[in-house]
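Only one structure is covered here, and it is reproduced in the block below.
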Amino acid sequence: MKKSMMILLAVFILTASCGIGSAYTETRITTNTAEQTNPSIWSNYIVWQDTRNGGSDIYLQDLSTKVQTRVTSNVDAEYPCVSGDKIVWQDKRNGNWDIYMYEISSKKTTRITTNTSDQTVPGVYGNYIVWGDNRNGGYDIYLENLSTKEQTRITSGILAGNPTIYGNKIAWQTFEDQSLDKIMLYDISTKQTTEITYGMILDFSMYGNQIIFNDMYTGLVTTLYDFSAKKSIELPFMFVRDPAIYSNKIVFIDNPDGNSDIYMITLDSEVPNADFSASTTSGNAPLTVTFTDKSTESPNSWNWNFGDETSSAEKNPVHTYDKAGNYTVNLTVSNALGSTSKTLEIIVEEVKVIPTANFKTNVTSGYAPLTVQFTDLSENSTGRSWDFNNDWKGDSSEANPVYTFTSPGTYNVNLTAINENGTSTKTVTITAETKTISDESNGDTNSSDPSGSSPGSSDSDNSSDSGSSNNSSDSSDSSDSSSSSDSSGSSGESHSSGGSHHSSGSSGGGTGGSPEPQKNVEIKDTTKVFIPGDKPVYFNFTNDVTVVESISFTSEKTVGKTTAIVENLKDKSALVSSLPEGEVYKSFNVWVGNGGYGDSNNIQNAVINFKVEKPWIKENDINQSSIVLYKYDDKKKEWEKTTVTLSSEDDQFLYFTANVPGYSSFVITGDEGEKEEQSTVASEPAVRSTGSDVEDNASTIAAKATEEKEKSPGFSVVSGVVCLFCMFLYRVKRR
């Protein structure tokens with residue numbers, strides 16, 4: 001129910017006193033002698049109502065091709081509106097006014113309303129259509145969501161019409177006052193209605209945050225009102241009829257030839273199109289977000305509202321949200337023609353700390369009955385549940401329980417750490433062995449003391465801090481399946497486990513991807529990482545229980561998450577035939593995955609970083625530069641000497657780096673340094689000893705030896721050695 005434009009106000013000849021300048025281009029769109037009225041524009045499309053065929057049809061023109069298309073035929077169709085790929089209009093083919101829709105790409109026509117009352121003057125944007133509706137007796141505004149087919153009554157009890165829609169905003173005109181009209185604005189998201197402006201409003205449409213309309217209350221002018229900035233702009237041309245706007249293009253009707261035609265004005269500047277991106281839209285507090293302006297059509301000012309009562313005028317601001325909450329960010333960009341806005345929601349969450357389950361044991365293996373001391377090392381936990389027999393039923397909630405495994409077997413012990421935000425679990429395998437006759441003959445004993453004197457026990461320095469499974473299975477080309485698990489699932493997890501300090505009498509292929517007999521393993525450490533192809537990969541042994549700090553290499557192929565094992569050995573490895581020359585510091589094994597994966601056929605640039613104790617060097621008078629790392633060649637059955645470099649040192653250790661051809665059995669050795677010569681020089685001239693001098697000295701020493709024999713038991717042995725030495729000197733002198 002648009003108001004009639006029959007009022008002639010020729011007495012008004014107005015110019016814009018606060019406009020945007022006078023630079024614009026006017027284009028005539030239609031030249032047909034029939035009436036073309038009620039235009040609408042979107043991008044390169046213009047639609048209008050046309051009487052050239054005798055009735056009232058809807059026509060479409062593509063500005064880029066100049067091609068005009070007849071949309072309706074032999075029906076009474078009026079008040080078209082175009083947005084995107086859709087055209088809507090009011091249609092009387094069913095006897096009353098209904099809303100119809102036409103899709104430009106598919107050329108498909110759809111009936112939207114079926115109510116027997118009148119539905120008029122529609123507007124469309126995206127999946128929303130609005131119209132005026134008198135099904136309730138008066139005129140209301142209705143909204144339909146094309147996706148859900150749901151219709152919503154927006155107004156009630158007021159006289160409303162001429163709706164238009166853009167984004168999530170609906171504007172309409174009220175006719176409650178005979179002299180003054182109001183333009184109202186409804187937010188679909190918040191369902192809030194706001195009064196925008198009032199006056200003698202004629203013919204309006206909306207684009208972005210702007211409404212274009214004719215106001216006969218203040219004068220016959222065409223006004224562009226930015227309801228976000230609350231600022232009016234009088235356009236740089238005389239009053240135009242039925243204006244509709246898209247960006248910097250305005251279509252209207254004029255009748256210089258006596259009939260109404262469609263015209264278009266293109267302003268030199270365009271309304272800016274607000275757009276921006278955020279580096280992130282969700283995260284834990286404090287959350288820092290970088291906002292990047294992507295607005296088009298040359299904005300010259302930016303107004304950011306971050307939703308937390310702070311703002312910025314920068315083009316690309318960085319903002320930090322300190323507290324949890326949902327924040328609506330609004331960017332309004334402006335230029336001389338007007339402004340538009342865009343919003344985005346930022347979700348800031350509280351940091352929820354999940355507990356990290358962790359514990360250590362004083363032993364991981366021994367003879368049944370085996371008593372084990374468990375110590376909870378979990379972080380951020382408020383409670384715990386121990387499961388000692390892998391039935392996932394809580395056996396204890398103590399922080400540091402002691403448990404006895406009475407029967408031989410392999411037990412997966414699970415600790416579940418608990419707090420208000422969740423749980424996590426750590427698993428360690430405990431092996432209770434059967435004592436054999438050979439074990440008893442070797443003098444091994446089994447203790448139920450938590451101090452761990454049984455085979456498989458470890459002192460406080462070698463305790464199991466992370467819990468490595470003794471029956472893990474590692475794959476060199478698939479995901480690791482170690483029985484030591486962590487619910488966090490993080491790669492690079494390191495485990496250590498204490499081996500026996502005594503022979504257990506067992507033999508065979510070892511465990512956890514290692515062929516070394518378990519009875520020869522003093523302590524071992526494991527870690528898991530993902531192995532990519534053709535890229536360096538690093539295994540760091542963070543438990544600091546073996547001589548190896550880390551290993552690294554480049555894999556020929558991607559093999560997935562894989563476990564690396566380091567074993568400090570009690571004695572020479574059972575896999576080698578002999579030991580290399582030199583004073584042996586430590587024998588150890590390094591295994592990567594299963595099946596001999598860590599050899600030169602599968603990896604390149606292999607490195608071992610290891611350490612040697614300074615007290616051992618000092619006690620054994622080792623020449624520091626003689627320290628060597630040997631690798632055992634399984635095929636040649638011999639030791640290979642590797643290239644070793646001293647990388648660093650501290651008060652306790654020397655740290656070395658060695659380039660190795662692969663991973664298997666290793667030995668660290670060193671050679672004794674040369675004895676230092678006596679640096680003290682006598683102050684008196686040296687006297688050459690004669691044979692008689694030596695003989696006299698020997699007699700004197702022998703006499704003293706006899707005297708000391710009575711004073712000190714066992715002294716005769718020492719004195720005898722001294723006498724023999726003196727006799728040797730005497731004979732040398734005689735020669």
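Tell me, yes or no, whether region 519-539 has at least one residue that is open to solvent by 10 Å² or more (accessible area, probe 1.4 Å), free of Cβ contacts under 8 Å to residues at least 12 places away in the same chain and outside any strand (DSSP E or B).
No: region 519-539 contains no residue that is open to solvent by 10 Å² or more (accessible area, probe 1.4 Å), free of Cβ contacts under 8 Å to residues at least 12 places away in the same chain and outside any strand (DSSP E or B).
Looking only at residues in region 655-683 that are open to solvent by less than 100 Å² (accessible area, probe 1.4 Å) and modelled with pLDDT under 90, which one is nearest to residue 628 (Cα to Cα)? Talk me through it step by step, then tell me what you get.
Initial filter on region 655-683 (open to solvent by less than 100 Å² (accessible area, probe 1.4 Å)): 655-671, 673, 682.
Then drop every residue that is not modelled with pLDDT under 90, which leaves 673, 682.
Values: 673: 14, 682: 40 Å.
Across region 655-683, the extreme among qualifying residues is 673.
Pairs, please: C-beta under 9 Å, at least 6 apart or cross-chain, first residue free of Cβ contacts under 8 Å to residues at least 12 places away in the same chain and in region 606-625, second assigned to a strand (DSSP E or B) and exposed (fewer than 15 other Cβ atoms within 10 Å of the Cβ)?
Cβ pairs passing all conditions: 625/646.
Can you find even one residue in region 393-407 that is aliphatic (A, V, I, L, M), in a loop (DSSP other than H, G, I, E, B) and touching a residue at least 60 places away in the same chain (Cβ under 8 Å)? Lay out the reasoning, then the answer.
First pass over region 393-407, keeping only residues aliphatic (A, V, I, L, M): 399, 402.
Adding the requirement that they be in a loop (DSSP other than H, G, I, E, B) leaves 399.
Remaining after also requiring touching a residue at least 60 places away in the same chain (Cβ under 8 Å): none.
No, that holds for no residue.
In this structure, does residue 102 turn out to be open to solvent by 30 Å² or more (accessible area, probe 1.4 Å), in contact with a Lys or Arg (Cβ under 8 Å, 6 or more places away or on another chain) and at pLDDT 95 or above? Full working, then the answer.
Working: open to solvent by 30 Å² or more (accessible area, probe 1.4 Å): no; in contact with a Lys or Arg (Cβ under 8 Å, 6 or more places away or on another chain): yes; at pLDDT 95 or above: yes.
It is false that residue 102 is open to solvent by 30 Å² or more (accessible area, probe 1.4 Å), in contact with a Lys or Arg (Cβ under 8 Å, 6 or more places away or on another chain) and at pLDDT 95 or above.
Please tell me if residue 223 is closer than 24 Å to residue 299 by Cβ and touching a Ser or Thr at 6+ places or on another chain (Cβ under 7 Å).
On the way: closer than 24 Å to residue 299 by Cβ: yes; touching a Ser or Thr at 6+ places or on another chain (Cβ under 7 Å): yes.
Spelling it out, residue 223 is indeed closer than 24 Å to residue 299 by Cβ and touching a Ser or Thr at 6+ places or on another chain (Cβ under 7 Å).
Which of the residues spanning region 309-322 are of a type in the set (D, E, K, R) and either surrounded by 13 or more Cβ atoms within 10 Å (Cβ to Cβ) or closer than 21 Å to residue 296 by Cα (or both)? Reasoning before the result, please.
The initial filter retains those residues of region 309-322 that are of a type in the set (D, E, K, R), namely 309, 314-315, 322.
Across region 309-322, the qualifying residues are 314, 315.
Which ones in region 191-232 are open to solvent by less than 30 Å² (accessible area, probe 1.4 Å) and over 53 Å from the mean Cα position of the chain (by Cα)?
199, 201, 202, 214, 215, 219, 220, 221, listed by residue number.
For the subset of region 323-343 comprising residues that are under 30 Å from residue 233 (Cα atoms) and open to solvent by 50 Å² or more (accessible area, probe 1.4 Å), which member is farthest from the chain's Cα centre (by Cα)? Step through it out loud before you land on a result.
Residues of region 323-343 that are under 30 Å from residue 233 (Cα atoms), as a first pass: 328-343.
Next, from what is left, pick out any that are open to solvent by 50 Å² or more (accessible area, probe 1.4 Å): 328, 336, 342-343.
Numbers: 328: 23, 336: 42, 342: 27, 343: 25 Å.
The selected residue is 336.
Output yes when any residue across region 194-214 is hydrophobic (A, V, I, L, M, F, W, C), part of a strand (DSSP E or B) and farther than 28 Å from residue 262 by Cα, and no when none is.
Going through region 194-214, the residues hydrophobic (A, V, I, L, M, F, W, C) turn out to be 196, 200-202, 204, 206, 211-213.
Then keep just the ones that are part of a strand (DSSP E or B); that gives 196, 201-202, 204, 206, 211-213.
If we keep only those that are farther than 28 Å from residue 262 by Cα as well, we get 196.
Checked against the condition, which is being hydrophobic (A, V, I, L, M, F, W, C), part of a strand (DSSP E or B) and farther than 28 Å from residue 262 by Cα, region 194-214 yields at least one hit.
For region 161-171, check the following and say yes or no: at least one residue is assigned to a loop (DSSP other than H, G, I, E, B), aromatic (Phe, Trp, Tyr) and closer than 25 Å to residue 59 by Cβ.
Taking region 161-171 as the starting set, the residues that turn out to be assigned to a loop (DSSP other than H, G, I, E, B) are 167-168.
Filter once more, keeping what is aromatic (Phe, Trp, Tyr): none.
No, region 161-171 contains no residue that is assigned to a loop (DSSP other than H, G, I, E, B), aromatic (Phe, Trp, Tyr) and closer than 25 Å to residue 59 by Cβ.
Based on this model, can you work out whether residue 362 counts as at negative phi and polar (S, T, N, Q)? Steps first, answer last, please.
Values: at negative phi: yes; polar (S, T, N, Q): yes.
Yes.
Taking only pairs six or more apart or across chains, which ones have beta-carbon atoms under 9 Å, a first residue in region 151-163 that is touching a residue at least 40 places away in the same chain (Cβ under 8 Å), and a second residue that is small (Gly, Ala, Ser) and open to solvent by less than 70 Å² (accessible area, probe 1.4 Å)?
Matching pairs, first to second residue: 161/132; 162/123; 162/132; 162/171; 163/123; 163/132; 163/171.
Being charged (D, E, K, R) and surrounded by 13 or more Cβ atoms within 10 Å (Cβ to Cβ) is the filter here, so list the residues in region 27-66 that pass it.
Step one: filter region 27-66 for residues charged (D, E, K, R), giving 28, 35, 50, 52, 57, 62, 66.
Correct list: 35, 50, 52, 57, 62.
Show the residue pairs meeting these rules: Cβ distance below 7 Å; 6+ apart or different chains; first residue within region 291-319 and among the basic types (Lys, Arg); second residue part of a loop (DSSP other than H, G, I, E, B).
These pairs meet every condition: 294/275.
Restrict the check to region 592-615 and report whether at least one residue is open to solvent by 30 Å² or more (accessible area, probe 1.4 Å) and among the aromatic types (Phe, Trp, Tyr). Working first, answer last.
Kept after step one, since they are open to solvent by 30 Å² or more (accessible area, probe 1.4 Å), are these residues of region 592-615: 594-596, 599-602, 604-605, 609, 613-615.
Narrowing the set further to residues that are among the aromatic types (Phe, Trp, Tyr) leaves none.
Checking region 592-615: not a single residue is open to solvent by 30 Å² or more (accessible area, probe 1.4 Å) and among the aromatic types (Phe, Trp, Tyr).
One line per residue, one yes/no per condition, for (1) outside any strand (DSSP E or B); (2) in contact (Cβ under 8 Å) with a residue 60 or more places away in the chain; (3) open to solvent by 20 Å² or more (accessible area, probe 1.4 Å); (4) within 17 Å of residue 71 (Cβ to Cβ):
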| site | (1), (2), (3), (4) |
| --- | --- |
| 106 | yes, no, yes, yes |
| 132 | no, yes, no, no |
| 135 | yes, no, yes, no |
| 138 | yes, no, yes, no |
| 147 | yes, no, yes, no |
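Among the listed residues 364, 328, 340, identify the single one that is under 25 Å from residue 209 (Cα atoms) and modelled with pLDDT under 95.
Numbers: 364 fails: under 25 Å from residue 209 (Cα atoms); 328 fails: modelled with pLDDT under 95.
Exactly one residue qualifies, and that residue is 340.
Could you check how many residues of region 233-269 are outside any strand (DSSP E or B) and either hydrophobic (A, V, I, L, M, F, W, C) or open to solvent by less than 50 Å² (accessible area, probe 1.4 Å) (or both)? Full working, then the answer.
Of the residues in region 233-269, the ones outside any strand (DSSP E or B) are 235-240, 247-248, 255-260, 268-269.
Among the residues that remain, those that are also either hydrophobic (A, V, I, L, M, F, W, C) or open to solvent by less than 50 Å² (accessible area, probe 1.4 Å) (or both) are: 235-240, 247-248, 259-260, 269.
Final tally of qualifying residues: 11.
Results for (1) assigned to a strand (DSSP E or B); (2) at pLDDT 90 or above; (3) surrounded by fewer than 17 Cβ atoms within 10 Å (Cβ to Cβ), shown as yes or no for each residue.
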site: 544; (1), (2), (3): no, no, yes
site: 565; (1), (2), (3): yes, yes, no
site: 574; (1), (2), (3): no, yes, yes
site: 585; (1), (2), (3): yes, yes, no
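Just for region 74-92: of the residues that are at pLDDT 95 or above and outside any strand (DSSP E or B), which one is least open to solvent (accessible area, probe 1.4 Å)?
Result: 84.
Out of all the residues in region 408-425, which are open to solvent by 40 Å² or more (accessible area, probe 1.4 Å) and either part of a loop (DSSP other than H, G, I, E, B) or more than 21 Å from residue 356 (Cβ to Cβ) (or both)?
Hits for region 408-425 are 408, 410, 411, 420, 421.
Would you confirm, using the coordinates I've provided, whether residue 315 is of a type outside the set (Phe, Trp, Tyr) and more than 25 Å from the chain's Cα centre (by Cα)?
Numbers: of a type outside the set (Phe, Trp, Tyr): yes; more than 25 Å from the chain's Cα centre (by Cα): yes.
When the stated conditions are applied, residue 315 passes them.
Would you mind stating whether residue 607 is closer than 30 Å to residue 532 by Cβ, part of a strand (DSSP E or B) and of a type in the set (Val, Ile, Thr)?
Details: closer than 30 Å to residue 532 by Cβ: yes; part of a strand (DSSP E or B): yes; of a type in the set (Val, Ile, Thr): yes.
So residue 607 fits the description; yes.
Could you grab me the full set of residues in region 272-286 that are assigned to a strand (DSSP E or B) and open to solvent by less than 40 Å² (accessible area, probe 1.4 Å)? Spell out the reasoning first.
Residues of region 272-286 that are assigned to a strand (DSSP E or B), as a first pass: 273, 276-278, 282-284.
Passing the criteria: 276, 277, 278, 283.
The values are calculated or read from the model by the stated rules, or taken from the named source; none is laboratory data. Just so it is clear, the model here is predicted, and its values are computed rather than measured. Because the Cβ atoms are built from the backbone with ideal geometry, glycine has one as well, and the counts that use them run over all protein chains shown. To get the accessible areas, we keep the full protein, side chains included, count just its heavy atoms, and leave off ligands, DNA and RNA. Shrake-Rupley method; radii C 1.70, N 1.55, O 1.52, S 1.80 Å.
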